[in-house]
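**Q** This is the structure, below, for whatever I ask next.
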Amino acid sequence: MAGIKERILEVVGRFQLSSLATITPDGKPWTRYVMVRGDDTMTMRCATFVSARKVEHIKANPEVHITCGCMNPAERQPYLQIQGRAELTTDEKERHDLWSDMFSHVFSGPDDAKFGVLVIKAYRIELCTPGSHEPEVWEA
């Protein structure tokens, strides 16, 4: 059986519809859907408008939570609970590396001034597997 890191990467190594939670200025959680992709450093990235509400939340409090994985509960796939710290970047390389045609309905391309990348450095990931009542945990 592959190690936990490899099994996590099987879930986030490609774009994944995910929920991203941030903390509002008044301390309340706020969740929205994003497309997340992770890499072997356990850094997650997602596209965002640089002026998005989530960016303001992250500037005030970089702690975020992502849930991703199982898109169809009937298929009983593993899913992830990811804790991390996020920041916005408009770095040209980051934008070009993350770019996908799926974003073209919202942005004109990777050089669109409205296009930014949220870089989320995971520090704890729970791998939840169907049939198991205890998640496996990866920590930085």
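**Q** Can you name the residue in segment 62-99 that is of a type in the set (A, V, I, L, M) and in contact (Cβ under 8 Å) with a residue 12 or more places away in the chain and, of all such residues, is nearest to ARG124 (Cα to Cα)?
**A** In this case the residue turns out to be ILE82.
**Q** What is the one condition in (1) more than 23 Å from ALA21 (Cβ to Cβ); (2) acidic (Asp, Glu); (3) buried (at least 17 other Cβ atoms within 10 Å of the Cβ) that GLU126 does not satisfy?
**A** Looking at each condition in turn, GLU126 falls short on (1).
**Q** Mind listing whichever residues of segment 62-98 are out of contact with any strand residue (DSSP E or B) (no Cβ under 7 Å at 6 or more places or on another chain), closer than 28 Å to SER51 by Cα and of a type in the set (Asp, Glu)?
**A** Result: ASP91, GLU92, ASP97.
**Q** Oh, and also: Surrounded by 20 or more Cβ atoms within 10 Å (Cβ to Cβ) and farther than 18 Å from SER19 by Cβ: which single residue out of GLY84, GLY116 fits that description?
**A** Answer to the selection: GLY116.
**Q** Something else now. Just wondering, is there one or more residues in segment 89-109 that are in a strand (DSSP E or B), aromatic (Phe, Trp, Tyr) and more than 24 Å from GLU139 (Cβ to Cβ)?
**A** Taking every residue of segment 89-109 in turn, none turns out to be in a strand (DSSP E or B), aromatic (Phe, Trp, Tyr) and more than 24 Å from GLU139 (Cβ to Cβ).
**Q** Another one. I'm trying to understand the selection: among the residues of segment 1-34, which are touching a Cys at 6+ places or on another chain (Cβ under 6 Å) and either outside any strand (DSSP E or B) or within 19 Å of GLU87 (Cβ to Cβ) (or both)?
**A** SER18, VAL34
**Q** Checking ILE8 against (1) loosely packed, with under 13 Cβ neighbours inside 10 Å; (2) within 22 Å of HIS133 (Cβ to Cβ), only one condition comes out false. Which one?
**A** Condition (1) is where ILE8 drops out.
**Q** Could you tell me whether THR89 is touching a Ser or Thr at 6+ places or on another chain (Cβ under 7 Å), of a type outside the set (D, E, K, R) and surrounded by 14 or more Cβ atoms within 10 Å (Cβ to Cβ)?
**A** Here the answer is no, as THR89 does not meet what is asked.
**Q** Which ones in segment 35-61 are free of Cβ contacts under 8 Å to residues at least 60 places away in the same chain and of a type in the set (D, E, K, R)?
**A** ASP39, ASP40, ARG53, GLU56, LYS59 - these are the residues of segment 35-61 that are free of Cβ contacts under 8 Å to residues at least 60 places away in the same chain and of a type in the set (D, E, K, R).
**Q** So which of HIS96, HIS133, HIS105 is loosely packed, with under 13 Cβ neighbours inside 10 Å, more than 12 Å from the chain's Cα centre (by Cα) and modelled with pLDDT under 95?
**A** So the residue among HIS96, HIS133, HIS105 that is loosely packed, with under 13 Cβ neighbours inside 10 Å, more than 12 Å from the chain's Cα centre (by Cα) and modelled with pLDDT under 95 is HIS133.
**Q** Ok, one more. Checking the structure you have, find out if any residue of segment 35-48 is of a type in the set (Ser, Thr, Tyr), surrounded by 12 or more Cβ atoms within 10 Å (Cβ to Cβ), assigned to a loop (DSSP other than H, G, I, E, B) and touching a strand residue (DSSP E or B) at 6+ places or on another chain (Cβ under 7 Å).
**A** Among the residues of segment 35-48, not one is of a type in the set (Ser, Thr, Tyr), surrounded by 12 or more Cβ atoms within 10 Å (Cβ to Cβ), assigned to a loop (DSSP other than H, G, I, E, B) and touching a strand residue (DSSP E or B) at 6+ places or on another chain (Cβ under 7 Å), which makes the answer no.
The values are calculated or read from the model by the stated rules, or taken from the named source; none is laboratory data. Fair warning: this is a prediction, and the values are worked out from it, not measured in the lab. Glycine also receives a Cβ, built like all others from the backbone with ideal geometry; neighbour counts cover every protein chain displayed.
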